[in-house]
């Protein structure tokens, strides 16, 4: 991506800074700011939208109150050309922003650069377009608020990745500083508290870890009325797997612990398996077998990421350490395995840009895997690029034939995309296929997902008895395995069922329960939480529920932070349904990046309502 490069590159001819107070340099010379703030707003929109914009849209978006909106647009485009010292910087209809190949843009480095580049940005942690607002354009202000939230999430992702990498490299003080910045920016994020406590403990400062744990407990009790999760408490005891105190008996013992740990995890004995894997990593370190240590860390990180609820930060720490050692060993295959596991963790937490960057690093390290396309497909559809998602999953399935579990997951993801696109028949048959595969594999950890989604389709189709049987089983199994994502989706399906049967009070209670469950754990799948909130919002609008406004606000905040474009557009549509007539323009603006005809049909319907 042009503009996603290091700010230290001496060959950069144009530098555009949008984090903090906006500024532009051309050949190292600061440019005179444009008159008024709308030129900055226009430049930011052209940069961040990433596509040419129709002149009619830009004129309406930013200059609708002007006597001559198109004249005002032309004047501001001329200001941008002057600012960038190029008559060809903006041109055409639709309007396209053209930057030189060596241009540097801080927001692009934030989203597409490496953490090493992004953590050095001058404006890291500052607000996008600091001090700029366009009160005369509610739609643009809504867009800018969403982008600011997204920049904050990307900033947190960079700081988190940098802290984990520093911790894996043994740079404890740097890791502590970065983690402290995360906690300062969002003290109620449990994962950030865990990371800071872990950094203190792994650096050997037990007293500091205990103090931070006490502060976290007090904050959560006083402000939230809850206790932090188990992982936060466990982080205070972290020493790094290298320093685990065990009876070291050499490489053979380490291999035995690794084998035993993997077998225990496969058999469902999670705690015993994790302890074996920790011992394997410690004993291989003591024996000097760094390759075996890397494999142990990979197994530990994978088990924590996939099997252990609420343990993604410990998983990430283990995987970052695996990458650091594998690079020393020049083992690209092991680097790639760890990067793919980290990409999975990032996808769960809706850090889409970081997930895609990890996939690219994995591909560079070992030449690529069919699973790379599946990860890219998941990132695409969760951001509202459904056709890209289907294409990626279909390409992945061609190479995943020898892995029945990944094949089942890939088919299930295609079913979800079909469901979002309104293709209910295709979704129903696809969910049925992946459910059959999960049953054949006795894969109870995954089975509630396709079963719950199939039940939701059956509710929509009016097949209520079949839906109840599926949804109740999916919910019960999700509770048994304590997977908050599957619990939330199944509970939302049961809420839809109660509504279909006319039990509106029960439906409301189910939706409230589903929204709580789907985000109960700090490593919950955030797209699934947004999916549940969206179903709740639609129910609330249909039935006039008092909770609807709060659900819509939560959906808007979550989807804007994470870049889930369709759910953000839907949140604006729900605001319109609740009486905010200005929200329709914001929905139309966001929906331009979403290739879902269902969403665009809803927009057209609301436009007709507004016109009348």
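Where a number appears in this text, it was derived from the coordinates with a stated rule and is not lab data. Nothing here was measured: the structure is a model prediction, and the numbers come from that model. Quick reminder, even Gly has a Cβ in these numbers, built from the backbone with ideal geometry, and neighbours come from all protein chains shown.
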Order these by the 10 Å Cβ neighbour count, fewest first: 132, 581, 594, 359.
581, 132, 594, 359
What is the percent of Cα-Cα separations in region 283-363 that go past 17 Å?
42 percent
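Tell me what the chain gives for mean residue ellipticity at 222 nm when only DSSP H runs of n ≥ 4 count, each as -39,500 (n - 2.57), the sum divided by the residue total, rounded to 500 deg cm²/dmol. Numbers along the way, then the final one.
Details: 29 runs with 420 residues, N = 612.
Value at 222 nm, helices only, nearest 500: -22500 deg cm²/dmol.
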Which distance in Å, rounded to a whole number, links the C-alpha centroids of region 194-230 and region 274-315?
23 Å
Just report the Cα centroid separation between region 125-169 and region 533-596, whole Å.
20 Å
Where the centre of each part is set by its Cα atoms, how far does region 399-456 sit from region 333-362, in angstrom?
23 Å
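Which order, highest average first, do 512-522, 45-55 follow once you tally other Cβ atoms within 10 Å for each residue and take the mean per peptide? Walk me through the intermediate numbers first.
Details: 512-522: 20.6, 45-55: 16.1.
Ranked by mean Cβ neighbours within 10 Å, highest first: 512-522, 45-55.
Multiply the residue gap between residue 330 and residue 476 by 0.36 nm, knock off their C-alpha separation, and tell me the result in nm, one decimal place.
Values: separation 146, 0.36 × 146 = 52.56 nm, distance 4.64 nm.
Value of the extension gain: 47.9 nm.
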Extension gain (nm, one decimal) between residue 114 and residue 205, 0.36 nm per residue minus Cα-Cα:
29.8 nm
Where labels lie 7 Å past Cα in the beta-carbon direction, separation of residue 602 and residue 67 in nm
4.2 nm
Distance in nm between label sites at residue 466 and residue 136, each 7 Å beyond Cα in the beta-carbon direction?
5.8 nm
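Roughly what % of Cα-Cα distances in region 20-143 sit above 21 Å, to the whole percent? Display every interim value, and only then the final one.
On the way: 3038 of 7626 pairs.
Summing the P(r) of region 20-143 above 21 Å gives 40 percent of all pairs.
Just need the relative contact order of region 416-611 here, percent rounded to a whole number, with Cα pairs under 8 Å and 6+ apart. Let's see the in-between values first.
Values: 264 pairs, mean separation 25.3, N = 196.
About 13 percent, as a whole number.
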Value of relative contact order over region 151-224, rounded to a whole percent, pairs C-alpha under 8 Å and six or more apart
22 percent
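Going by how many other Cβ atoms sit within 10 Å of their own, how do 111, 284, 133, 86 line up, fewest first?
Fewest-to-most Cβ neighbours within 10 Å comes out as 133, 86, 111, 284.
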Suppose a student asked you for the relative contact order of the chain, using Cα pairs under 8 Å spaced at least 6 residues apart; what percent would you report?
9 percent
So how much slack lies between residue 610 and residue 500, counting 0.36 nm per residue of separation and subtracting their Cα-Cα distance, in nm?
36.7 nm
Just want the ordering: 259, 402, 523, from fewest to most Cβ atoms lying within 10 Å of their own Cβ.
402, 259, 523
